[in-house]
Amino acid sequence: MVSSTVAIVRVNVYVSSSIDGRIPYFNIPAKVNNTPQSILVVWENTGSVGCRFRLRADIYEIINNTKRQSYTSWSEEIPIEPGAQENLVAYWYPEGPGNFTVHTFLYYCNSIENGPAGNFTVFKSNITTRAPFDVKTESTENYVEFIFNSKENINDLVIIPREYPLGWTFDSKRIDRIEKGKKKIVRVNYEASIWKERNVSFDIVTLDGKFYKQERITLRKKREFPVYQATIVILVIVIIILSIMLIRYKREGVKLGDREGSNGNSGSR
């Protein structure tokens, strides 16, 4: 018989927290038609902390060697865990042809980092067709909800904020497919520096530029049912009803006791 001894040794491993990452790929088109443009940055989280990431793209038009800011586009905010990578896409719909430059920035974990930059040229616009869908909107302090009802199948539709208050963050949103005759609800998030009722507009267009529709709305707070206040009112009403029932029960008990007492006195006589 051979016996062996197994010893368990405890080893403590400490990993320091770090916020870090890299851009393995990005795409800024060089020559494009006047169709919705996507600015893609792939971010790989090489740190040890998960963060929520957002891409910002500042687009400038170049006129006579002078840059004039034309638009600021934001991607959706995406959580990226350590070791993972995600596509951050900001969309822009140019109003017409011209020469442009774009500067990108990455927002994450309360930090801002410079991203890739590039120049591109927009050529003559495509001919668009009247959009075969109807849109209704509802808004709150945090998002705009688009309710689509289409007369035909629609693929690769994007909602791009056209005009919105300076200093606000407004997502753009891509919809892979809207099926004919089926209601589709899409939510576009935004963050207001100081919220007020404001007018905003959106370009709703397919990526090939075939279908286009512009939607203008006034941001308003959604009137939601006041659940908390209603619960308090219901509880108060229940307490009042129970109190009334208790008072009646006590009164009836007192009357019954008086009657029994009266009957007892009569019998003793």
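Structure values in brief
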| read-out | value |
| --- | --- |
| Residue ID - farthest from E77 (Cα to Cα), chosen from residues in segment 111-125 that are touching a residue at least 40 places away in the same chain (Cβ under 8 Å) and touching a Lys or Arg at 6+ places or on another chain (Cβ under 9 Å) | F123 |
| Any hit, segment 164-176, residues being within 16 Å of the chain's Cα centre (by Cα), assigned to a strand (DSSP E or B), within 28 Å of S75 (Cα to Cα) and without any contact (Cβ under 8 Å) to a residue 60 or more places away in the chain | yes |
| Some residue of segment 145-153 being of a type outside the set (F, W, Y), under 27 Å from F53 (Cβ atoms) and without any contact (Cβ under 8 Å) to a residue 40 or more places away in the chain | no |
| Members of segment 154-163 that are without any contact (Cβ under 8 Å) to a residue 60 or more places away in the chain and within 13 Å of D176 (Cα to Cα) | I154, N155, D156, L157, I159 |
| Out of V144, V205, sole residue that is surrounded by 15 or more Cβ atoms within 10 Å (Cβ to Cβ) and closer than 21 Å to I59 by Cα | V205 |
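Here, each number is a calculation from the coordinates, and none is a lab measurement. Just so we're clear, the structure is a prediction, and the values are computed from it rather than from any experiment. Positions of Cβ are generated from backbone atoms using ideal geometry, with glycine treated the same way; all protein chains shown enter the neighbour counts.
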